[in-house]
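Data first, discussion second: the structure below is written as structure tokens.
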Amino acid sequence: MASVMEAMNASTTHFPEPMHATISSAQTGMMSKILDSTGIFTIFLTLFAMAVAYDQISYRIMKANLAGDAWKIPFVGPFLESVNPKFSEYHAKWLSGPLSCVSVFHKFVVIASTRDMARKVFNSPAYVKPCVVDVAQKLLRPENWVFLDGKEHVEYRKGLNGLFTRQALETYLPGQQEVYREYFEEFLRISKANNGEPQPFLYQLRELMCAVSCRSFVGHYLSREQVKKIADDYYHITAAMELVNFPIILPFTKTWYGKKTADKVLETFANCAAKARVRMRQKGAEPECIMDRWLMQMMKSEQYRERIAKGEEVPADEKPAMLLRDFSDFEISMTVFTFLFASQDATSSACAWLLQLLADRPEMLAKVSEEAKQIRPDPSRNLTLEMLEKMTYTRACVKETLRYRPPVIMVPYMVKKAFPIPESNYVAPKGSMIIPSTWLALHDPEAYPNPDTFEPERWISGTAEEQGKNWLVFGTGPHYCLGQTYATLNLMCFLHMLVSEFEFKHTITPTSEDIRVFATIFPMDNLLLTFERRSDVSVAA
């Protein structure tokens, strides 16, 4: 037994020094790796802590005395809130002070809530310029006219004014009516197919407004199928236009789908411009849409310059009201796309609230119907601009809807250089976003008594028309909405034609009055409606 143990001991201690050296080396290497890892980890933690500290200090410096969170969630800020925006949170922010702030990712955002603060931003082109939202330039293209500034923007805008004159607006009416008649019949079919049970009509209204806009902007250069495709896909563009988005466009995200859709729509509109250019050069061609009218003005400007170049003395009355340069098909496409962008969601929102508010107030809807009968007793007749201008109560209902539920609740601007706001003892930093809100101005009890009550009469016998400073539905200043008259008349046309031939009912739900924010604002329950033809209107009409 001893010999065995000795043998074993002998064998285990035969090379003691090499073994200890190997073990020691392994231990040293392991400890070195641990220490190296600890060093990297420590450096990482240190850098991360410094980044967090810098992020918080930067926020605190830019925040200064503004209302807002004392500290922000590192780096991302209230990103999750911006992904799923709630109107109540926006409203609370507006009420927190004339100026308040948030910071999301790399973007510091100042919110101008009151009428005077909003107007200050709108009327300060030396310090700010429209940016729509962070991702907008990537979708609409950075060279788009809405992002132009100063003299370049003014000159471009002058060339577009002629597209919204009274004469031009009358040109677009026949096409609008054609689209409304077609879609109202579709609304009736939907109700009949569902045995008169209420259905959500929000999507149908979005498609309708897209079709009306496309007919007004590009006429018959688009087929019904192309319009339907744009309406279906446009959801991606709207979804991508969140107030603050991830800084880069990642594949298969909302911004990625939005960019793909925007590129396709721009290509489609450019093809329409090429077709319109050919048509409008034909003898006797008359403009039927905005694209036609714009090209006609370009061609008249070109003809005038050619006459001058030949040395001809051109009478003053033959000089175009506005001399335009020749815009490329893609420039026309980008501009028309901005018109669609401005009208699509905003008009869909206004239509939805208009139907809900009036259906829930039968006595007001009856007044609209009575006015329609008096002004256009035969609904088969074409509606004219002169008829629309006589519709006092219809107009009041449209304007009160725009005040009570303004489609555009915020208009983002980019600060070009440090923007002093002495009223709040604050300077908005260069590169930040500053966003005037329209809501508080349009719900100001001094301008609009009982502001949270829907009262169309305030536009007839009240003082609402005198509150120009508060009427921020279409903005103000150098970037005010070019199409504000067009938009108002279009909503009047929509309501008048609907009540002239159809009756509609709204089913009230617990969330009907709740506001869903999706670029603009919509009823939370998606608007449950039922349509039927008026008993005093024949099918042939």
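The values are calculated or read from the model by the stated rules, or taken from the named source; none is laboratory data. As the structure is a computational prediction, the values presented were derived from the model and not from experiment. FYI the Cβ positions are ideal-geometry reconstructions off the backbone, even for glycines, and counts take in every protein chain you see. Keep in mind that these areas ignore ligands, DNA and RNA; they rest on the heavy atoms of the full protein, side chains included. Shrake-Rupley method; radii C 1.70, N 1.55, O 1.52, S 1.80 Å.
Results, tabulated for the structure shown:
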| read-out | value |
| --- | --- |
| Prolate/oblate/rounded call for the stretch 329-370, Cα gyration tensor, a/c under 1.5 rounded | prolate |
| Residues of type lysines that K367 reaches as a straight line, Cα spacing below 26 Å, ignoring anything fewer than 8 places off in the same chain | K390, K399, K505 |
| Added length on full extension, which subtracts the Cα-Cα distance from 0.36 nm per residue, L385 to N84 | 104.2 nm |
| Global geometry of the stretch 112-155, whether rounded, prolate or oblate, following the gyration tensor of its Cα atoms and the 1.5 cut on a/c | oblate |
| Theoretical FRET efficiency, 1/(1+(r/R0)^6), r = Cβ-Cβ of K138 and V76, R0 25 Å, to 0.05 | 0.80 |
| For V76, residues with placed amide H under 5 Å, excluding near neighbours | F105 |
| Three-way shape label, the stretch 453-505, alpha-carbon gyration tensor, a/c 1.5 | oblate |
| 5 angstrom amide H check on F502, placed H, neighbours 5+ away | R534 |
| Listed residue (M299, P315, Y413) projecting farthest to the positive dipole end of the chain, Cβ model | P315 |
| Packing-based order for 86-93, 309-316, 493-500, using average beta carbon neighbours within 10 Å, highest first | 493-500, 86-93, 309-316 |
| Separation of the S223 and S328 label points, Cα + 7 Å toward Cβ, nm | 2.8 nm |
| Packing rank of 479-490, 356-367, where each peptide gets the mean count of other beta carbons within 10 Å, highest leading | 479-490, 356-367 |
| Total charge dipole magnitude, the stretch 295-347, about the Cα centre, Cβ charges on Lys, Arg, Asp, Glu only, Debye to nearest 20 | 100 debye |
| Inter-part distance where the stretch 166-242 and the stretch 461-498 are each reduced to a Cα centre, Å | 21 Å |
| Charged-residue dipole, Cβ positions (Lys, Arg, Asp, Glu), the chain about Cα centre, Debye nearest 20 | 1020 debye |
| Per residue, in Å², the accessible surface of the chain once ligands and nucleic acids are set aside, probe 1.4 Å | 48 Å² |
| Cα-centre dipole for the stretch 114-188 with unit charges at Cβ (Lys and Arg positive, Asp and Glu negative), debye to 20 | 540 debye |
| Percent carbon-and-sulfur accessible area, the chain, ignoring ligands, DNA and RNA, probe 1.4 Å | 59 percent |
| Label point distance in nm, A285-Y54, each placed 7 Å from Cα along Cα→Cβ | 5.7 nm |
| Paramagnetic reach from D116 in the stretch 448-488 [backbone N under 20 Å; point 7 Å along Cα→Cβ] | 448-449, 467-473, 476-477 |
| Two-site FRET efficiency, D536 against H106, from Cβ-Cβ distance with R₀ of 45 Å, rounded to 0.05 | 0.15 |
